[in-house]
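J.: This is the structure, below, for whatever I ask next.
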Amino acid sequence: MTFPCPTIWLESLPLAGGGTLPGRVLPGPMEGITAGAFCAVMNELRLVSAWVTPFIRVSEGIPRQARLRDRLAAFSPLPTVVQVMGTDIPMLAQTAARLATEPGVVGIDLNCACPSRIVVSGGAGGGRLRHPRWIRDALLALRRACPTKGISVKIRVGVESAEELPWICGAVREAQPDFVVLHYRTVEEMYRAAPDGLRRLARARELLPGVTLFGSGDLYTVAAAARMWAVAGVDGVTPARGLVATPWLLRDIEAACRGEDVRVHTDEEKRDFLRRLISRAERDGAWRKGLVLEVARHQFGREHPLFCRLASADSAAAMLAGLA
Ligand SMILES: Cc1cc2nc3c(=O)[nH]c(=O)nc-3n(C[C@H](O)[C@H](O)[C@H](O)COP(=O)(O)O)c2cc1C
């Protein structure tokens with residue numbers, strides 16, 4: 001079966017200052033998931049061409065260079081856009097300037113979308129959407145601090161209501177970022193269903209003429225990406241949880257852009273991914289049962305016998321035996 005996705009999503013995206021992103025089908029950042037072993041396996045299987053990192057919180061001083069370098073190791077050697085989150089513009093700009101000196105970093109992304117109650121009550125993440133002019137000023141400051149890198153922003157459609165979108169988009173437009181990623185929910189909606197999500201994205205498309213717009217929200221399948229294109233005409237997509245369920249999703253969407261059929265992934269392929277994930281995490285001394293179960297739950301569902309076997313395992317070796 002084919003799903004019409006546009007060939008423009010296969011084109012590289014030039015960024016200010018000379019860098020590029022190799023395409024416009026990018027992984028959505030996921031704190032606690034797109035890190036360490038998960039990224040290593042995605043890189044090993046060549047399922048991704050560039051990374052957008054989960055947020056680096058900048059709240060109590062500028063993180064040390066060595067700490068920033070550590071955070072970036074998982075994404076190497078692919079071109080990486082590093083996401084920062086905070087409320088203090090000078091601190092964010094100085095952190096970005098440090099990140100800009102690290103190899104592989106092609107851009108800095110400002111997180112104005114995180115819905116965590118603790119983050120938002122401190123004014124950061126999605127809480128920044130209450131202050132559109134701050135977002136504009138922060139993006140301009142990041143641009144000045146990192147003249148050779150792309151500057152982008154991750155937003156939601158509003159804090160309480162999608163009616164906030166015109167003010168948010170107006171301020172973002174003034175800063176002319178290299179691209180914008182819009183998750184179509186409000187902050188208060190967290191991850192609840194948003195039936196008019198694609199229409200909200202289409203509205204943003206109108207409000208951000210000339211700005212490269214990536215869509216985010218419930219991109220679990222190639223069909224969902226094709227629908228997002230058909231309704232909202234976005235310039236690119238950033239599936240997140242769909243990558244946990246189907247690590248091949250970015251490549252499948254790219255295949256659809258080339259007019260190819262969508263491949264069905266077998267249980268054996270999924271087991272192979274889990275095996276690699278467990279082995280890699282164990283080798284790195286970073287085995288976390290929670291991460292493996294999260295991936296297995298997305299891939300097979302809680303009721304599947306394989307998920308139940310993994311849930312009752314208490315070591316990496318027992319998990320690998322459960323997969324046999
Ligand atoms: C566990 C988890 C962690 C996330 N962490 C981040 C993050 O660090 N930065 C960010 O911009 N978005 C983050 N997101 C949001 C996703 O990138 C994405 O916008 C959202 O999940 C909607 O897309 P999806 O329905 O395809 O998952 C996270 C989402 C999840 C589920």
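The values are calculated or read from the model by the stated rules, or taken from the named source; none is laboratory data. The structure presented is a predicted model; accordingly, all values stated were derived computationally and were not measured. Glycine gets a Cβ as well: all are built from the backbone with ideal geometry, and neighbour counts include every protein chain shown.
J.: Is it the case, given these coordinates, that residue 227 is more than 28 Å from residue 299 (Cα to Cα), in contact with a Leu (Cβ under 9 Å, 6 or more places away or on another chain) and not polar (S, T, N, Q)?
T.: Values: more than 28 Å from residue 299 (Cα to Cα): no; in contact with a Leu (Cβ under 9 Å, 6 or more places away or on another chain): yes; not polar (S, T, N, Q): yes.
No: the conditions fail for residue 227.
J.: Shifting gears a bit: Which residue out of 237, 231 is of a type in the set (A, V, I, L, M, F, W, C) and surrounded by 17 or more Cβ atoms within 10 Å (Cβ to Cβ)?
T.: 237
J.: Please verify whether residue 31 is surrounded by fewer than 17 Cβ atoms within 10 Å (Cβ to Cβ) and at pLDDT 95 or above, treating the condition exactly as stated.
T.: Spelling it out, residue 31 is indeed surrounded by fewer than 17 Cβ atoms within 10 Å (Cβ to Cβ) and at pLDDT 95 or above.
J.: Also, I was wondering about something else. Give me the pairs: first residue in the range 260-284 and of a type in the set (Asp, Glu), second residue surrounded by 16 or more Cβ atoms within 10 Å (Cβ to Cβ) and part of a helix (DSSP H, G or I), beta-carbon distance under 7 Å, and six or more apart or on different chains, which are they?
T.: 282/316; 284/36; 284/37
J.: Taking only pairs six or more apart or across chains, which ones have beta-carbon atoms under 6 Å, a first residue in the range 291-312 that is in contact (Cβ under 8 Å) with a residue 60 or more places away in the chain, and a second residue that is assigned to a helix (DSSP H, G or I)?
T.: Close Cβ pairs satisfying both conditions: 295/244.
J.: Related question: Go through the range 1-24 and give me each residue that's closer than 19 Å to residue 110 by Cα and either part of a helix (DSSP H, G or I) or hydrophobic (A, V, I, L, M, F, W, C) (or both). Can you show your working first?
T.: To start, the set of residues in the range 1-24 that are closer than 19 Å to residue 110 by Cα comprises 13-17, 19-21, 24.
Across the range 1-24, the qualifying residues are 13, 15, 16, 17, 21.
Residue-by-condition table, conditions (1) over 25 Å from residue 38 (Cα atoms); (2) among the hydroxyl-bearing types (Ser, Thr, Tyr); (3) within 14 Å of the ligand (Cβ to nearest atom):
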position: 193; (1), (2), (3): yes, no, yes
position: 196; (1), (2), (3): yes, no, no
position: 206; (1), (2), (3): yes, no, no
position: 216; (1), (2), (3): no, yes, yes
position: 224; (1), (2), (3): no, no, yes
position: 247; (1), (2), (3): no, no, yes
position: 256; (1), (2), (3): no, no, no
position: 269; (1), (2), (3): no, no, no
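J.: Scanning for something in a helix (DSSP H, G or I) and either over 17 Å from the mean Cα position of the chain (by Cα) or closer than 29 Å to residue 23 by Cβ (or both), does the range 185-194 turn up at least one residue?
T.: No, the conditions are met nowhere in the range 185-194.
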